[in-house]
Each structure stands twice: as structure tokens, then as C-alpha cells.
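Accompanying notes for the structure given below.
Any read-out appearing in this document is the output of simple, stated calculations on the displayed coordinates, not a laboratory observation. This structure is a prediction, so every number in the text was calculated from the model and none was measured. A quick note on method: Cβ atoms are made from the backbone with ideal geometry, for glycine too, and the neighbour counts reach across all protein chains shown.
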Amino acid sequence: MNGVTKWVKATQDSADRFFNQDRSLNLTTFTPEHFENFLMYMMNGGKHNVSTLSGYRSALKDAYRQQRMEVPREYMGELKTLFQGLQRVEAESIQDGHERKPGKEPLTFSLYVQLAELSIKQNYNGFIHLFLLTQ
């Protein structure tokens, strides 16, 4: 839900009203319309595919469960329709030859070199060393 939290803080007026005292998402304030706007924002950014966005839907359902609230039926119906539309748009885009970039971007060679140099210069470099070895 970190992505949702960042989106709320960046795009919503009086963002604090969207959060409970424990900093969890206030599900009475964060409406299905907000979530749909978040999904469209992420989709239009071009870096996320529908399966990634589906993970946010699962996280939202889990947030309802954790707060012991029932997920509104119409909410899930609207989301189901929205995701079917997003999948159709993604499929048409791929079919038209527009390539989506699912997954993570590979590490560039220049960044790899910078990380290696940083790893050598630092006293504690265990994590960076492990990361570079596993690439």
C-alpha cells in the first residue's frame, strides 16, 4: 500500500484525512473512486502492467480484512469491470505493437560500476557486495 500512500500524499488535498492515527489507510475516506483514480494514474505512467495493479487490489482487500471491515460489494463489482477494461486496453496496446515494460528495469552497466566502486570504498559493504554478486 506504499504506492497508494505516496499517491494520496502527492495528489489529494488534506491528505491526512485519508489516514488513521496508526498511519493505515482510512477506508471510510478512501473511496472506490479514489482507488480507480490511483489505478489510472499508475497505468498512465506506463511503467505498470495490469498484473502489478492487481496486486494493489489484493492489498486493498487485505486492508479491509485487517481493519475488520467488509469490502463493499459494489466496490468489487466496479473493480472487476475496471480490471477487465484495463486488461483489454493492455492487450490491444500489445497487439498494436506498443510494447509494455512489465517487470523491473535491468541495472545499467554504469550504475553497476558505480555500485562496485562504492562497495570497495565503504567499510561496511556486505549488502552491496551480495547484491552485485547475485546480478
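Looking only at residues that are assigned to a helix (DSSP H, G or I) and buried (at least 18 other Cβ atoms within 10 Å of the Cβ) in segment 44-55, which one is nearest to the chain's Cα centre (by Cα)? Write out each step before concluding.
At the first step, the residues of segment 44-55 found to be assigned to a helix (DSSP H, G or I) are 44, 50-55.
Okay, now just the ones that are also buried (at least 18 other Cβ atoms within 10 Å of the Cβ), so 50, 53.
On the way: Val50: 11, Leu53: 6 Å.
If we take residues in segment 44-55 being assigned to a helix (DSSP H, G or I) and buried (at least 18 other Cβ atoms within 10 Å of the Cβ), then Leu53 is nearest to the chain's Cα centre (by Cα).
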Identify all residues within segment 56-86 that are out of contact with any helix residue (DSSP H, G or I) (no Cβ under 9 Å at 6 or more places or on another chain) and part of a loop (DSSP other than H, G, I, E, B); write none if there are none.
Gln67, Arg68
